[in-house]
Amino acid sequence: IKHPLQNTWTLWYYEPDRTKTWEESQREITSFDTAEDFWSLYNHIKTASELRQGCDYSMFKQGIRPMWEDDQNKCGGRWLINLDKKQRTTDLDNFWLEILLCMIGEAFNEYSDDVCGAVVNVRPKGDKLGVWTSNADCADSVMEIGRKLKERLRITSKTTMGYQVHKDTMVKAGSQTKNTYTL
Ligand code: M7G
């Protein structure tokens, strides 16, 4: 028998399409609930750094859509890791895989239930990695998840990590969103 995961996870893919809304361009790829099926999927698809610029992968718990509007996300936010352009070749794929492994392995201990999913944005101005949690007001949970991430990804001082509330991000298109927590 295969090794069951605590949760069932869904992979989403976003590709910009001017004829569709942002929401319509989010495509659900597949769901899995075993370690073996995770690796089959991971080994079958392009790595993040191989995606065309403008595209995203999202991996969320089954039933949670990778958008602010979802009931599980609407009071939440994300730990955001901004990479500089050079890090696409050195860090992007490693960080994304490590985030996925933290999530499916429930590495956030008692706070794993607060994790909704994660997103990687491949962008010309610098790629972004976000780990989305369900309750931005729960400082203990947000900080513990952030600390664990920082430790597992071996984030150094040259890479900053800030937690941004979705409600702030939503209204701040184009400009910088303030960090509610930083690490
Ligand atoms: P992005 O892809 O997160 O970052 O957001 P980028 O600016 O580096 O490309 C780009 C745009 O996508 C936003 O300004 C929104 O118009 C749309 N968008 C992104 N997210 C995460 C959402 C979401 O959760 N819900 C909705 N409705 N639109 C979103």
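Points to keep in mind about this one:
- Candidate set from segment 25-57 (those that are of a type in the set (D, E, K, R) and farther than 27 Å from LEU83 by Cα); member that is nearest to the ligand (Cβ to nearest atom): ASP33
- Hey, LYS150 basic (Lys, Arg) and within 12 Å of the ligand (Cβ to nearest atom) or not: no
- Within segment 14-25, residues that are in contact (Cβ under 8 Å) with a residue 12 or more places away in the chain sit with their Cβ atoms under 9 Å from residues that are in a loop (DSSP other than H, G, I, E, B) and of a type in the set (Asp, Glu), at 6+ positions apart or across chains, in these pairs: GLU23/GLU69.
- Residues within segment 62-110 that are under 14 Å from ASN7 (Cα atoms), away from the ligand (no atom under 14 Å from the Cβ) and buried (at least 17 other Cβ atoms within 10 Å of the Cβ), tallied: 6
- Counting only residues that are touching a helix residue (DSSP H, G or I) at 6+ places or on another chain (Cβ under 7 Å) and either hydroxyl-bearing (Ser, Thr, Tyr) or under 15 Å from TYR14 (Cβ atoms) (or both), segment 38-72 holds 6 of them.
- Among the residues of segment 148-183, those that are among the charged types (D, E, K, R) and under 23 Å from ASP93 (Cα atoms) comprise LYS148, LYS150, GLU151, ARG152, ARG154, LYS158.
- Scanning segment 14-51 for residues that are under 21 Å from ASN94 (Cα atoms) and in a loop (DSSP other than H, G, I, E, B) gives ILE45, LYS46, THR47, LEU51.
Values in this text are rule-based calculations from the coordinates and carry no lab data. Just so it is clear, the model here is predicted, and its values are computed rather than measured. Glycine gets a Cβ as well: all are built from the backbone with ideal geometry, and neighbour counts include every protein chain shown.
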